[in-house]
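The values are calculated or read from the model by the stated rules, or taken from the named source; none is laboratory data. Remember, predicted model here, so these are calculated numbers, not experimental data. Here the Cβ positions follow ideal geometry from the backbone for every residue, glycine too, while neighbour counts run over all protein chains shown. Remember, those area values only see protein heavy atoms, side chains included, never the ligands or the DNA or RNA. Shrake-Rupley method; radii C 1.70, N 1.55, O 1.52, S 1.80 Å.
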Amino acid sequence: MLSAQGFGGPGKMKEYHYAGAVENRFSPYAFNGGTVLAVAGEDFAIVASDTRLSEGYSIHSRDSPKCYKLTDTTVIGCSGFHGDCLTLTKIIDARLKMYKHSNNKTMTSGAIAAMLSTILYSRRFFPYYVYNIIGGLDEEGKGAVYSFDPVGSYQRDTYKAGGSASAMLQPLLDNQIGFKNMEGVQHLPLTQEKAVQLVKDVFISAAERDVYTGDALRICVITKEGINEQTIPLRKD
């Protein structure tokens, strides 16, 4: 340790000690919690999320759903850094309006997924800290779910969970919808009523274990008639 002496008063010497370099850090990201989920059926799709917006041990808002309506047949669920969620959804909305004015038609769910992939990949060196799940109807009217990583890699799924409680939700969905590693089980088609009840059950379970998931559950059911939204209360502690 280096030390230097200076005059601290009349006839007195004051010691100064050099303790080493001080490094200050700034992170452009924050994790605001929240969980999103999407399920695809034969002629419907469901996108659901909780409404809690938190950071660390603080709750910023109890009414901040993470489901954003893009078109009459497409909804996106975003979780991660809330600032990037808002920025990304505004960019998508602008691109959808440009497409509609240029082509005089609405972009399909599959086309939106491909567009979102290129938007995310274009920011791969400074990524949007957002986990996206798109739910909607494809060109044939069947339910479709597309899941993304933060840099644009995506795939089509039948069901997918993302966000802070995804590790708890995904195994339940694998068991109840995917029938993974189950023998002697009859594979019945998933009805809309069963899917909605299953979404409610898994979120109630997640709210018991995950501190970042809670307050309320927003469910968006997408059919050819349009998008039906409903809100179910969850535990608030």
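Data for the structure
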read-out: Percent carbon-and-sulfur accessible area, the chain, ignoring ligands, DNA and RNA, probe 1.4 Å; value: 52
read-out: Ranked packing of 154-166, 215-227, 100-112, most packed first, by mean Cβ within 10 Å; value: 154-166, 215-227, 100-112
read-out: Per-pair calculated FRET efficiency, R0 = 45 Å: Ala21 and Lys69 via Cβ, rounded to 0.05; value: 0.35
read-out: Net charge of neighbours whose Cβ lies under 13 Å from the Cβ of Pro150, counting Lys and Arg as +1 and Asp and Glu as -1; value: 0
read-out: Reported label for calculated volume of the Cα convex hull per residue in Å³ given (i) 199; (ii) 120; (iii) 132; value: (i)
read-out: Percentage relative contact order, region 178-237, counting C-alpha pairs under 8 Å, at least six apart; value: 26
read-out: Computed label-point distance, nm, for sites Arg209 and Phe31 using a 7 Å Cα→Cβ extension; value: 1.6
read-out: Sum of side-chain charges, Lys69 neighbourhood, beta-carbon under 10 Å (Lys, Arg +1; Asp, Glu -1); value: -3
read-out: Solvent-accessible area per residue for region 142-204 (1.4 angstrom probe, square angstrom); value: 55
